[in-house]
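Heads up, the thing below is written out as structure tokens.
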């Protein structure tokens, strides 16, 4: 566990790198999915996700939450200007839940050719296995790497305690991230709860062709709930070391339960240097990816800077906690914890903690934030304010994004969402 209180480590706790990935659907002026090919001048930071009409913006690595959000805003603006200038102007849909869907053909698979043709084949496989409707959800992934100086300082302390613990800094770093991932499995349901922002959706998502109905299913985030991005099984992963972790994913491939490593739909993912692969993970872990973040339509960027900071604070706190050492039963429960945290009324569903104690999501979240407040007590006003902002979501549910969005967009979801989409585009293009 991270030596967070040591003088050589503590000054560096909030040093790290952020990378944001934001998915958004391109739509026409009537609230239907666009059917034009994507064209963003081969900008490596603007790509496609599952469908041809799903834009994905990937920021460069940034040193602070503010700079990461600013970078996201920059690329958002490039996309908005490009689609506003089309002969038939398009908009970016600002919600995680899609607007009107006429049918599966309304969600065209992204087309790749030549050396990249396998990307289209992979999407065709996902379409057959999970259906395209599920692929129409959009979200944000937060990628975070701990600072080199921080890890070097902690490595020196770990070696002083046990000279035989690690044979290299690389071995230490890899083990650090594996242990962090296991602790995140135990506790990062709280990130689902604080950033849930998709409580309402159009009826066409659940009943083909019936557009214009407003649906609320008791969920604050549909894409993170049991209705969203999950495999047909609860993954049990081995957090002993990077090789064991990678091989535990490989077993699901060997057993035919998934076909590709990226098909493992889990809120936490360890990433290697270079293109993602299981062999790459064995060679070295570079960062951790948080995949449970909804698009937040209440802010222009799609994510609030305070939520990016909270994610960093959470990761640092989690790295300093004792190893969770999750059993198979604990990992099955962890999946249910994530799904419970996706509910709208968090007083009605439970979280089971690693020690077996059970609390409502509200009470369990307050316990974590109380611990984080004590952990970061000497880190100044911005950190204290961020933690207070998050705690209020559990003390007053009307401050939660999902509750605000249901109030404002719960009736006439797509019609009101179109008004917001136009407003956001005007803000970016200066009209």
| query | For the chain, what's the relative contact order in percent, using C-alpha pairs closer than 8 Å and at least 6 residues apart? | reply | 21
| Per-residue Cβ neighbour rank within 10 angstrom, fewest leading, 254, 304 | 254, 304
| task | For residue 348 and residue 84, compute 0.36 nm times the residue count separating them, minus their Cα-Cα distance, and round to one decimal in nm. | result | 90.7 nm
| Neighbour-count order for 230, 189, fewest beta carbons within 10 angstrom listed first | 230, 189
| request: Please give, to one decimal in nm, the separation of the simple spin-label points placed at residue 156 and residue 277, each 7 Å out from Cα toward the Cβ. | output: 3.6
| note | Listed with the fewest Cβ neighbours within 10 Å leading, 224, 184 appear as 184, 224
| task | Please check which bits of segment 335-351 a label hung off residue 231 would reach, taking the label as a point 7 Å along Cα-to-C-beta and the cut-off as backbone N under 18 Å. | result | 335-339
| What spacing in nm lies between the two simple spin-label points modelled at residue 128 and residue 358, each 7 Å away from Cα in the Cβ direction? | 4.1
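Bear in mind these aren't lab numbers, they're just calculated from the coordinates by the rules spelled out. All of these numbers come straight from a predicted model, not from anything done at the bench. Cβ sites come from the backbone with ideal geometry, for glycine too, and all protein chains shown count toward neighbours.
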